[in-house]
Structure formats: structure tokens, C-alpha cells
Amino acid sequence: MVFHLFVPIVSPLIGAALAVLFGHQRMIARAITLASVLINLGYGLWLMSVVPQSGPLVAQASGWLAPFGISLVADGMSALMVMLAALLMLTTVVYSFYSIDRERERYFYYPLLLLLLLGVSGAFLTGDLFNLYVWFEVLLVSSFGLITLGGSRDQLEGGLKYVVLNLLGSTAFLFGCGLMYGFAGTLNMAHIAERMATLTNPGLQTVLAGVFLFAFGSKAAIVPLFFWLPSSYHTPPVAVTAIFSGLMTKVGVYSLYRVFGLMLQNELAIYAPWITLLAGLTMVIGVLGAVAQMNVRRILSFHIISQIGYSVMGLGLASVAGLAAGLVFTAHVMIVKMALFFIGGAAEQIYGTGDLKKMGGLARREPWLAIFWFVGILSLAGIPPLSGFIGKLILLQVGVSQQAYLITAVAAGTSILTFFSMLKIWNEVFWKKSYEDVNRLPRVSFGLLAPGAALVILSIALGLLAGPLVDYNTIAAQQFFDRTIYITAVCGSDGCEAVYQAAMR
């Protein structure tokens with residue numbers, strides 16, 4: 001039992017409390033926020049170095065044995081996601097130092113960011129289905145605060161759509177938890193996985209899988225449950241939109257992987273054709289929505305939806321290879337989408353608008369901004385040797401090897417449409433002649449350029465050094481797709497049922 005697994009939860013929780021306490025002392029609040037995020041990042045990197053060799057690490061809250069207590073479990077997938085969440089939050093905090101106004105900083109902007117990190121980290125580490133619901137609610141509260149902080153009409157309208165439609169998913173999730181407890185008699189994920197391998201009620205199990213597909217599909221913004229995202233993501237400040245793009249929908253994808261890969265493996269085989277169908281529709285409808293937009297952040301918001309389709313495709317392939325490929329792609333898209341939001345946001349700040357018709361000529365004015373944007377869209381489209389190429393190539397290879405030719409063809413075609421739709425921003429913002437003298441526009445500051453540039457450079461590095469990333473995610477997929485490894489780590493070699501029966505005597 002390793003109690004240090006509570007570090008990614010305790011650190012942002014204490015940081016948020018201190019940031020509230022020192023909220024009116026701007027520099028102190030910033031330093032507290034930065035320190036909390038760096039602790040999570042350092043811990044996440046260490047966790048990734050340990051878990052592949054040691055197997056899943058487990059902590060039981062208050063020393064209660066599973067399946068009776070609250071378990072925290074770090075396997076390869078959760079360790080990767082904890083690290084990425086902290087890394088992306090670090091870039092967001094740095095970007096916020098140069099872009100967020102003092103009024104938002106005074107009214108608890110940094111505590112809300114840390115609460116968001118708290119919710120995300122808890123969701124990635126929990127080994128209990130009901131506590132996953134609790135962490136989703138922490139996410140919802142903090143994200144609603146961030147999306148409406150400032151109180152503009154657009155923010156309140158977008159925030160209302162965001163919270164109402166997310167509450168529908170949360171209600172479905174809570175309903176699913178109740179059904180699962182009634183069926184399996186437990187909410188510990190390892191115990192559920194053990195019992196689901198022996199319980200036989202095909203009709204109820206299929207209904208359970210459908211409820212969780214709806215609940216987490218709405219969080220991940222898959223078709224047809226995506227419409228809340230483009231209605232709300234363009235309304236808050238760029239830093240908030242960027243961290244939402246990197247984390248919020250990915251928690252939904254993670255939950256789909258966890259529930260179907262661990263607890264509902266038999267139902268995954270039944271639902272796989274429908275999941276791949278939803279993945280293909282999500283890819284196509286998302287990219288077509290992007291083509292129709294003429295605002296930088298609206299275009300990028302629709303691309304979030306489209307790229308989620310690739311992550312869901314990995315689940316629909318219903319194999320260790322498919323899940324590993326989906327993980328590689330998800331890690332890539334979390335990094336690159338945030339980079340593009342940061343760079344697009346910097347361009348928007350220079351012009352004071354994100355309307356493509358009112359922009360232009362930035363390639364001459366800000367060549368580095370243009371270069372990093374262009375490399376970012378190459379990665380998003382899957383052009384070698386960038387990380388997007390590796391992620392999509394592995395997905396396509398697995399699709400072909402499993403004879404899933406239709407979804408493979410859709411994925412390849414969507415990549416082409418993605419590239420051309422992103423070129424529209426390149427042409428309108430950077431290449432075409434500006435309607436005004438660009439020399440009169442403000443220059444982009446290093447603080448606005450650096451976070452996006454760093455993430456683009458990381459994408460290049462992941463593409464060039466793809467071997468370790470692929471190897472790690474293969475191990476991660478094997479760990480969470482193998483019920484025995486997970487159950488043994490949480491409950492011991494005799495399993496959760498043996499612990500339960502011994503306690504009941």
C-alpha cells in the first residue's frame with residue numbers, strides 16, 4: 001500500500017486553499033499555484049517511471065481494505081494521464097500570467113484552476129466507480145466557475161448550456177452507478193471486474209453498458225452528444241478554453257476506456273461495431289463543422305470533437321493493440337490541441353478578435369507565431385515525423401490488421417479534411433494581406449508565445465522518439481485490459497471476493 005498516491009490530490013487541494021487565502025496578493029497566489037502544479041508534474045513523471053516495472057500501485061483510504069474502502073490505483077494509463085494533466089496545467093498557468101486580467105485573478109481564477117486539476121487527478125486515480133462520479137462533479141463545479149468568471153453575456157449563455165447538458169451526463173452516470181450496485185453489489189472497480197466475469201444477466205449488462213456509453217460519451221463530446229462544446233468553449237478567456245480542450249473531453253475518453261476495458265469487457269465486444277460507427281461520425285461531423293466556421297476558436301472547438309473520434313476508434317477496435325493506439329493518439333492530441341489554442345489565442349489578442357475576415361498578414365509581423373502554428377496543424381493532420389503521424393499511423397495499422405476497413409478509411413479521409421480546414425486559418429490569419437497596417441498592431445509577448453511553442457516542440461520530440469511512447473502505452477494497455485493484474489493489485493492474489501467473503505463470516 002502506497003499512500004503517496006494521494007499527492008496529486010492533496011497538492012492542488014492545499015494549493016487552492018492557500019491561493020484563496022492569499023487571493024488579493026497576486027504574486028503569492030501565482031507562486032502557490034505554480035508550486036502545486038510542479039509538484040503534480042514531478043510526481044506524475046516519477047509515477048510513469050515506476051509503474052511499467054512494478055505494476056499498478058494501490059492506496060486504500062484510511063487503511064480500509066478493498067473492496068470496502070476507497071481505493072486509489074495508478075496503472076500505466078492513469079500515471080500517463082496524471083502527468084499530462086499537470087504538464088498542460090503548467091503551460092496554462094504560464095499563459096495565464098500574461099493573458100488573464102487582474103479582476104479574474106482577484107476573484108479566484110487560480111484556485112479554480114487548481115480545483116480543476118484536483119478533479120482531473122482524482123478521476124484518473126480513483127478505483128471506485130462512485131468516487132469517479134464525485135470527481136466528475138468537482139470538475140463540473142470548477143469548470144463552470146472558470147467558464148463564467150467575468151460575467152459577460154456570452155460567457156453566461158455558454159456556461160448555462162455547458163452546465164445543463166453536462167448535468168444530463170452526470171445524471172445518467174449516477175443512474176448507472178445505482179444500476180451497477182444493484183447488479184454487482186459493489187462499486188469498487190476491481191470487485192466489479194471480478195464479479196462481472198461470473199455474473200450472467202446479458203440484458204441488464206447490455207443496458208448498463210449503454211447507460212455508461214451515454215454518460216461518458218456526453219462528457220467526451222461524441223456524436224450526437226457534442227453540441228454543448230462548440231456553444232460554450234469560445235466564450236471564456238483563451239487560457240480557459242485551452243485547458244478545457246486538453247483535459248475535459250479526455251476525462252470522458254479515459255472513463256470510457258476504464259469502464260469498458262476493465263469492467264465491461266464482454267459488453268465491449270458487443271458494442272464495438274456501434275462504438276466504431278460513433279467514432280467515424282464524430283470524426284466526420286466534427287471536421288465538417290470546422291470547415292463551416294469563420295472564427296479561430298470555433299474552428300478549433302469543432303476539431304476537438306473530430307479528434308475525439310480517433311480516441312474512441314481505439315476503444316472500438318476492442319483489443320490491447322487498439323487501446324494502446326488510442327492512448328498514443330490521445331496523448332498527442334491533448335498536447336497539440338492546447339498548443340493551437342495558445343497560438344490562435346495569441347493571434348486573437350493581437351487583433352482583438354477571432355473573426356478570420358478581420359485578420360491577416362501575421363506571418364510577416366510574427367514569423368515565429370506563424371511557424372509554430374503551421375507545424376502544429378501539420379501534427380494535427382498527421383504529417384510525418386510529428387506525433388500526430390505516429391498516433392494516426394498506429395490506429396490505421398491496427399484497423400487494417402483487424403479488417404476494420406471502413407473506420408480506417410474514414411480516419412484517413414478525415415485527416416485530409418483536417419489539414420485543409422486548418423489551412424483556412426493559416427491563410428486567413430497569417431498569409432493573406434491584412435486590411436490594416438500590421439505594423440500598428442501590438443507585438444506578441446514571449447509569455448504568450450512560449451507555452452504553445454513548447455508544446456509544439458514536444459510534439460516534434462514525441463514524433464522523432466516515438467518508440468518509448470509506443471512501448472509505454474502498449475504496457476499501459478496490457479495492464480488495464482488484463483483484469484487479473486488490476487484485481488490482484490487492488491485486493492491481493494486471492495481476489496476481492498475472497499476478502500469480501502472473509503469479512504462477511
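Which residue, of Ile407, Ile390, is touching a residue at least 40 places away in the same chain (Cβ under 8 Å), more than 29 Å from Thr91 (Cα to Cα) and within 25 Å of the chain's Cα centre (by Cα)? Can you show your working first?
Values: Ile390 fails: more than 29 Å from Thr91 (Cα to Cα).
After applying the criteria, what remains is Ile407.
Scan the stretch 478-505 for residues that are of a type in the set (Val, Ile, Thr) and loosely packed, with under 13 Cβ neighbours inside 10 Å and jot them down.
Thr484
Considering only helices (runs of 4 or more DSSP H) fully contained in the stretch 169-249, which possess at least 1 residues that are touching a strand residue (DSSP E or B) at 6+ places or on another chain (Cβ under 8 Å)?
Helices (runs of 4 or more DSSP H) meeting the threshold: 189-196.
Hey, among Gly158, Gly122, Gly176, which residue is touching a residue at least 12 places away in the same chain (Cβ under 8 Å), within 30 Å of Arg298 (Cβ to Cβ) and touching a helix residue (DSSP H, G or I) at 6+ places or on another chain (Cβ under 6 Å)?
Details: Gly122 fails: within 30 Å of Arg298 (Cβ to Cβ); Gly176 fails: within 30 Å of Arg298 (Cβ to Cβ).
Only one candidate passes the filter, namely Gly158.
Which helices (runs of 4 or more DSSP H) does the stretch 48-134 wholly contain that include 1 or more residues that are surrounded by fewer than 22 Cβ atoms within 10 Å (Cβ to Cβ) and modelled with pLDDT under 95?
Correct list: 76-99, 102-106.
When you scan the stretch 356-365, do you find a residue that is farther than 18 Å from Ser99 by Cα, assigned to a helix (DSSP H, G or I) and touching an Asp or Glu at 6+ places or on another chain (Cβ under 7 Å), even just one? Step through it out loud before you land on a result.
Here is the first cut: in the stretch 356-365, the residues farther than 18 Å from Ser99 by Cα are 356-365.
Remaining after also requiring assigned to a helix (DSSP H, G or I): 356-358, 362-365.
Applying the additional criterion that residues be touching an Asp or Glu at 6+ places or on another chain (Cβ under 7 Å) yields 356.
Yes; the residues of the stretch 356-365 include at least one that is farther than 18 Å from Ser99 by Cα, assigned to a helix (DSSP H, G or I) and touching an Asp or Glu at 6+ places or on another chain (Cβ under 7 Å).
Just to be sure, is Gly376 part of a helix (DSSP H, G or I), crowded, with 22+ Cβ neighbours inside 10 Å, in contact with a helix residue (DSSP H, G or I) (Cβ under 6 Å, 6 or more places away or on another chain) and at pLDDT 90 or above?
Numbers: part of a helix (DSSP H, G or I): yes; crowded, with 22+ Cβ neighbours inside 10 Å: yes; in contact with a helix residue (DSSP H, G or I) (Cβ under 6 Å, 6 or more places away or on another chain): yes; at pLDDT 90 or above: yes.
Yes.
Mind telling me which of the residues Val398, Val456, Val444 ends up being in contact (Cβ under 8 Å) with a residue 24 or more places away in the chain, assigned to a helix (DSSP H, G or I) and within 29 Å of Ala242 (Cβ to Cβ)? It would help to see each step written out before you state the result.
Numbers: Val398 fails: within 29 Å of Ala242 (Cβ to Cβ); Val444 fails: assigned to a helix (DSSP H, G or I).
Of the residues listed, the single one that is in contact (Cβ under 8 Å) with a residue 24 or more places away in the chain, assigned to a helix (DSSP H, G or I) and within 29 Å of Ala242 (Cβ to Cβ) is Val456.
Given the structure, is Gly23 in contact with a Ser or Thr (Cβ under 6 Å, 6 or more places away or on another chain) and either over 18 Å from Ala123 (Cα atoms) or assigned to a strand (DSSP E or B) (or both)?
No; evaluated as a whole, the condition is false for this residue.
Condition (residue is small (Gly, Ala, Ser), assigned to a helix (DSSP H, G or I) and buried (at least 24 other Cβ atoms within 10 Å of the Cβ)) applied to the stretch 262-277: is it met by at least one residue?
No, the conditions are met nowhere in the stretch 262-277.
Any residue in the stretch 416-423 that is farther than 21 Å from Met359 by Cβ and buried (at least 17 other Cβ atoms within 10 Å of the Cβ)?
yes
The values are calculated or read from the model by the stated rules, or taken from the named source; none is laboratory data. Treat the numbers as computed from the prediction; the structure is a model and nothing was measured. Don't worry about glycine lacking a Cβ; one is built from the backbone with ideal geometry, like all the others, and counts go over all protein chains shown.
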